[in-house]
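Below is one structure, written out as structure tokens; the observations come after it.
The values are calculated or read from the model by the stated rules, or taken from the named source; none is laboratory data. This is a predicted model, so every value here is computed, not measured. For neighbour counting, all protein chains shown are included, and Cβ atoms are generated from backbone atoms with ideal geometry for every residue, glycine included.
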Protein chains: 2
Amino acid sequence: MSTPTESPASDAARTPDVPVTPPDVSADDELSADERALLVENLRYTLDGRWRAVRDTVREQSNRSELLPDPSRTLDEARSHTLGVVRELSQHGFASAGFASDHGGTGDVGASITSIEMLGYADLSLMVKAGVQWGLFGGAVENLGTARHHERYVKGIIDLDVLGCFAMTETGHGSNVQALETTATYDRDTREFVIHSTTPGARKDYIGGAAEHARYAAVFAQLITAGPGAEPESQGVHCFVVPIRDEDGNDLPGITTSDCGYKGGLAGVDNGRIVFDNVRIPAENLLNRYADVEPDGTYTSPIENPNRRFFTMLGTLIRGRVSVAATAGAAGRKALTLATRYGLMRKQFEAPDETDEIIVMDYLGHQRKLLPLIAKSYAIACAQNEITAELHEVQSSSPDDSDAGRQRQLESDAAGLKAYATWHASHAVNVSREACGGAGYLDENQLSIIRGDIDVFTTFEGDNTVMTQLVAKELLSSYADDVQGLSAGGWVRFVVEMARDVVAEKTAVRQVVQTLLESSDEDTEKSNLTNRGTQIRLFRNREDHLIRTCAQRLRRALDDDNDAFEVFNNAQDHLLKVGRAHTERVVLEAFIEAINDCDSRSAAELLGKVCDLFVYSALEDDLGWFLMHRHISVERAKAIRRGVNTLCQELRPHARTLVDAFGIPENLLAAPMLEHG
Amino acid sequence: MSTPTESPASDAARTPDVPVTPPDVSADDELSADERALLVENLRYTLDGRWRAVRDTVREQSNRSELLPDPSRTLDEARSHTLGVVRELSQHGFASAGFASDHGGTGDVGASITSIEMLGYADLSLMVKAGVQWGLFGGAVENLGTARHHERYVKGIIDLDVLGCFAMTETGHGSNVQALETTATYDRDTREFVIHSTTPGARKDYIGGAAEHARYAAVFAQLITAGPGAEPESQGVHCFVVPIRDEDGNDLPGITTSDCGYKGGLAGVDNGRIVFDNVRIPAENLLNRYADVEPDGTYTSPIENPNRRFFTMLGTLIRGRVSVAATAGAAGRKALTLATRYGLMRKQFEAPDETDEIIVMDYLGHQRKLLPLIAKSYAIACAQNEITAELHEVQSSSPDDSDAGRQRQLESDAAGLKAYATWHASHAVNVSREACGGAGYLDENQLSIIRGDIDVFTTFEGDNTVMTQLVAKELLSSYADDVQGLSAGGWVRFVVEMARDVVAEKTAVRQVVQTLLESSDEDTEKSNLTNRGTQIRLFRNREDHLIRTCAQRLRRALDDDNDAFEVFNNAQDHLLKVGRAHTERVVLEAFIEAINDCDSRSAAELLGKVCDLFVYSALEDDLGWFLMHRHISVERAKAIRRGVNTLCQELRPHARTLVDAFGIPENLLAAPMLEHG
């Protein structure tokens, strides 16, 4: 298996479309231990990205198997344990990076995201618990509040004196948060807001921390007020700090919390519900960075347009979404590492003329299960590093200096990657579990726990379908300012009125991509499929084609005088495909850029193979589309299928190296199945 | 939405390939309550199949929410509870059907499988626990034993005085059970067998019941013996009844059981491990229907060929595999029912010019998530009913009257459907969970529990990948007798030597399929894609093409003097595709036959639409292959995509009817999310 040129599949190598191993890519068993260690090191350097030092610190701190989830804990025990570890983290200054230095933190957003991601290798409950406290609750106070809130809360948030939760979702509204039904009515007589759950559907639901530990909630509610003489009306959704429990953990007057109880996973997170019965809070508890209410009830905001105001507020909370995507990446990598290690030990069915059985990883079917997912994990990790860095830059710039277009682009990219990365992770974990058979189903081997924990990542912090659609809507409407918050029908009318077939590329094409495009034939069929420029072209052409035809389709349908919502709805599958195709192209280009920046020649060559497998698998997964729209010929399609096989066989000897390079702390990979094989 | 002819997607109806609603298929809201109830009744009649009376009995008995899994139970409590319910079932005569009347049962195999399947609507742990006791352990005694075993054990198995487990899988061997390492060595001096775990990998593992409840084990072990004067040698794997615990639940001497502990689901099943240290059992504990050992150690068997003997024994145990597939179908249907009901209540994002929000199920994206899976569930249910009936026939015929070819075909079909149905179920449950967002993640709404429970169905009772490959190997080698048990390489040599390109169809083509084929053009592109004959042709042509090209590929590769295992391995993805394509064709034809047998015109017409959606979705999922091999034109491929949209929109008004027809007891669908929407 380690000499792929002998295998029949590589007779396909006669055609230029099927990759062949360059002489420099040595199989692992041809490397000395030192050479292999260096290769792992160099691969990890690329995967770790800009905050690699932070990763190493967390690696060192977290390399303890007692951090792993323990399924024998009761719900109470799991929750207490998780809170205990979060306390321990806070004592080691874990949270400071997420807050500005003049609020008591150290102001390193990228470090904050990266360290929360690294917790995913230990326990996803721990990541979520920390993410809720510091990323969501802390993020709301930090980003939506002003000096008075920073002074009052941030230190306590960092050191856990102020335990909070993020009360946005309601029973009736998850995705459509503009329609939340909780109200915050200003009472000018007492200078208070009255927080109230107006309907059963207005109940805050699924809120991490609300069941037990949180003493404060960042509550999103319709702000209702009026200036003197006017009729009170809703100014849209705003965020308020609301105390919900006393020191002993009892609900405060007017507050009724309850427990969401057992879930599909994340046993260490106490998700709960909150109902407000005319709860009064001081007016200064409004997080008033983007809007305020004067004592007489007059509403003021530096942002005139209510939609823009709302989405500006939402936009600052992007950190949660980026963290969730990053952590999903970590969970996927961990599952693939466990499955790969098992696949390299496990033997089943005898080889012909051999007494020993065949290593499971030597079966093409098994390689095809795991290796393309490993390749995709590499690509996503690189894209994730870029998003983290971009978020860091955007949120590190002074607030008034911020570039709205850049922020908007980041939000869209983060939404797209959140969906792409979490779906990938959920799938990779499922496949990894299956690849380990009965052993994979035992909690002692971790995969089944990760499977339960990761599941909700596809729907929390933005439902993946809604996220994917958001990307497409932004692309089709060129990130126009006044399109956010439009109903589906209104958005269709807007897009059609833009009267443009092709949407201008908002971001500049990266230099490396530009160079590669220039070095490849515009006619993709004329160029070798292992040519990186051709690969980019195929991904870009698909995206452009989808955007153009989607716009045409919407226009034609509306011209025919159809109902605007129906026009939107009938094109929904097309829209979702636009979103996925765009994100996949962005992921590919990020991977290529990371390989380009890789200084080690042997690592870069191996990464090149991994990138080929990512591309070939992505093309194979969408072959129907490429053939149907004649972006790929039938001959090339067949070469792609063969190419996946060849690449799997070529990467097989590097399987252990590839997963070792994820750099998962060894004690977090504890699994009895890896002891006997 | 209920008038699809107005929707833009159905302007595609100008082409003949996109289905249009015939006037007779009325939307549900156009039916009176009585008419809808009758339609549901008629659909259910078809879905329920031959053992519909059994289904109704179990429905009545199980319509109690206290049968649902309760996540607050500790592992011990969950296990005791499950055993308690199994005891209750046995008191109501639940198990009698599975055993022959002269052994103390009532001898209705189909009824037995069907009632175990129906338990899946309540609690999958319950189904597995019952399945292990009566289907696996009981099935081994019933089918591999002889009168002495039947007399001694069957009554106790039925009424739970004899609690057993099925100890086949070992830590080192799951799929390759011919290589089990546990030995049973005959001692002629004492007329005993000595059961021994020869290596750490010989430990029996993942065995349901072995952790706590089982007092007996049906142990699969290499039988080692010799006649007078000869050297003892292994006669292959045989099954032995081994007592493992005393009345108080203590391990018997030489037995060491242990607990697999927490798992990804199935909390009510006590999976465990067994290690044997030279445990002596009387010689008569060998289940000796197919082989025996004379007092002097001479081994005898009516089946000369050891491979054939082994696979004959294995073949009689097929009931477990059929039950697992059937129950997975039930689990998938239940998850889809919960998600559909939620989708019909849940509203999100306002409609243009409306104050109310849009019902989630009205989004095309949501329809596309759920409706094709509902359609596939219908198709699979019909195929499952056929397998159950065939199993009933085969196992009800007198042993000596049995038709080896028919048995072999049944085993292959059961393997294929097991993989197809359990993968579908696992996917459907995942999608259903996601479609319910946060609510879907709470155990109170059941989906997350089903998700954890169903996961292992894809790998236990035969790993799905191995099962799918088995189907392909049987097809390619025409179910030849001497091919079972051959190594991969040996099998390749056999297939190549058959020197035939196309494999003879072993089963007669059904009459209804024959008629439909005759009424359609041989050139599928010339015939309407809604034509049932054309649909069958596309599925049959794909299967034939795959089998033929796979055989050619193996022959060519072996001719080139390649290593036989490598030839096999390089074609593994091709082989797996053969298996899937075959099973999907069988499923389609079973569905068509069931529709053909449906007496109600309105039900048959609705089923026809459901069948169209199953076909269009299956084609869409494999469009790359159909285009690449020119079985479908680009134009038709586009029509298929549009057709899925149109069919989803046409079936949307029937969504509730379609899931109601599954006939899941109402109290087993308890879910708070369905109370507030």
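Just the residues that are more than 7 Å from chain A (Cβ to nearest Cβ) and within 19 Å of A:Ala267 (Cα to Cα), please, taken from region B:431-445.
B:Ala439, B:Gly440, B:Asn445, listed by residue number.
I'd like to check which helices (runs of 4 or more DSSP H) are fully inside region A:122-213 and have at least 1 residues that are in contact with a Ser or Thr (Cβ under 8 Å, 6 or more places away or on another chain) and surrounded by fewer than 24 Cβ atoms within 10 Å (Cβ to Cβ).
Counting at least 1 such residues, we get A:138-144, A:155-159.
Out of region B:657-677, which residues are of a type in the set (D, E, K, R) and either free of Cβ contacts under 8 Å to residues at least 24 places away in the same chain or within 14 Å of chain A (Cβ to nearest Cβ) (or both)?
B:Glu675
In contact (Cβ under 8 Å) with a residue 60 or more places away in the chain and more than 25 Å from the chain's Cα centre (by Cα): does that describe A:Ile303?
The answer is no for A:Ile303.
Kindly indicate which of B:Lys376, B:Lys369 is closer than 23 Å to B:Ala618 by Cβ and touching a Leu at 6+ places or on another chain (Cβ under 9 Å).
The unique qualifying residue is B:Lys376.
In this structure, is A:Val634 under 25 Å from A:Asn541 (Cβ atoms) and surrounded by 21 or more Cβ atoms within 10 Å (Cβ to Cβ)?
no
For region B:466-501, give me each residue that is more than 14 Å from chain A (Cβ to nearest Cβ) and either surrounded by fewer than 18 Cβ atoms within 10 Å (Cβ to Cβ) or not in a helix (DSSP H, G or I) (or both).
B:Ser477, B:Ser478, B:Tyr479, B:Ala480, B:Asp481, B:Asp482, B:Glu497, B:Met498, B:Ala499, B:Arg500, B:Asp501
Could you grab me the full set of residues in region A:205-238 that are of a type outside the set (Gly, Ala, Ser) and farther than 26 Å from A:Arg87 by Cα?
A:Phe220, A:Gln222, A:Leu223, A:Ile224, A:Thr225, A:Pro228, A:Glu231, A:Pro232, A:Glu233, A:Gln235, A:Val237, A:His238
Among the numbered criteria (1) surrounded by fewer than 21 Cβ atoms within 10 Å (Cβ to Cβ); (2) in the same structural domain as B:Ser487 (by the TED database), which single criterion is violated by B:Ala655?
Condition (1) is where B:Ala655 drops out.
Considering only residues that are in a loop (DSSP other than H, G, I, E, B) and either closer than 30 Å to A:Asp453 by Cβ or at pLDDT below 95 (or both), which ones fall in region B:260-300?
Scanning region B:260-300 gives B:Cys260, B:Gly261, B:Tyr262, B:Gly264, B:Gly265, B:Leu266, B:Ala267, B:Gly268, B:Val269, B:Asp270.
When you scan region B:561-579, do you find a residue that is under 30 Å from A:Phe349 (Cα atoms), more than 14 Å from chain A (Cβ to nearest Cβ) and buried (at least 20 other Cβ atoms within 10 Å of the Cβ), even just one?
no
Within the bounds of region A:173-189, is there any residue that is in contact with an Asp or Glu (Cβ under 6 Å, 6 or more places away or on another chain), assigned by the TED database to the domain that holds A:Arg273, farther than 21 Å from A:Asp246 by Cα and β-branched (Val, Ile, Thr)?
No; the residues of region A:173-189 include none that is in contact with an Asp or Glu (Cβ under 6 Å, 6 or more places away or on another chain), assigned by the TED database to the domain that holds A:Arg273, farther than 21 Å from A:Asp246 by Cα and β-branched (Val, Ile, Thr).
Which one of the conditions (1) surrounded by fewer than 20 Cβ atoms within 10 Å (Cβ to Cβ); (2) under 24 Å from the mean Cα position of the chain (by Cα) does B:Gly98 fail to meet, given that it meets all the rest?
It fails just one condition, (1).
Do we find a residue being basic (Lys, Arg) and closer than 27 Å to B:Arg64 by Cβ anywhere in region B:126-139?
Yes, region B:126-139 contains a residue that is basic (Lys, Arg) and closer than 27 Å to B:Arg64 by Cβ.
For the list (1) out of contact with any Pro (no Cβ under 9 Å at 6 or more places or on another chain); (2) crowded, with 23+ Cβ neighbours inside 10 Å; (3) touching a residue at least 40 places away in the same chain (Cβ under 8 Å), I need the number of the one condition that B:Tyr441 fails.
The number of the failed condition is (3).
Being within 14 Å of another protein chain (Cβ to nearest Cβ), touching a Cys at 6+ places or on another chain (Cβ under 7 Å) and either farther than 17 Å from A:Leu576 by Cα or surrounded by 18 or more Cβ atoms within 10 Å (Cβ to Cβ) (or both), is that true of even one residue in region A:446-465?
The answer is yes; a qualifying residue exists.
Quick one: how many residues across region A:159-183 are in contact (Cβ under 8 Å) with a residue 24 or more places away in the chain and over 25 Å from A:Asn250 (Cβ atoms)?
The number of residues fulfilling the criteria is 8.
Within region A:10-57, count every residue that is over 30 Å from A:Ala111 (Cβ atoms) and either exposed (fewer than 15 other Cβ atoms within 10 Å of the Cβ) or modelled with pLDDT under 80 (or both).
22
Is it fair to say B:Glu605 is within 14 Å of chain A (Cβ to nearest Cβ) and among the acidic types (Asp, Glu)?
No.
Just to verify a result, which residue in region A:214-237, among those that are in contact with a strand residue (DSSP E or B) (Cβ under 9 Å, 6 or more places away or on another chain) and assigned to a loop (DSSP other than H, G, I, E, B), is farthest from A:Gln133 (Cα to Cα)?
My answer is A:Gly227.
Out of all the residues in region B:633-656, is one or more over 22 Å from the mean Cα position of the chain (by Cα), among the aliphatic types (A, V, I, L, M) and more than 14 Å from chain A (Cβ to nearest Cβ)?
Checked against the condition, which is being over 22 Å from the mean Cα position of the chain (by Cα), among the aliphatic types (A, V, I, L, M) and more than 14 Å from chain A (Cβ to nearest Cβ), region B:633-656 yields at least one hit.
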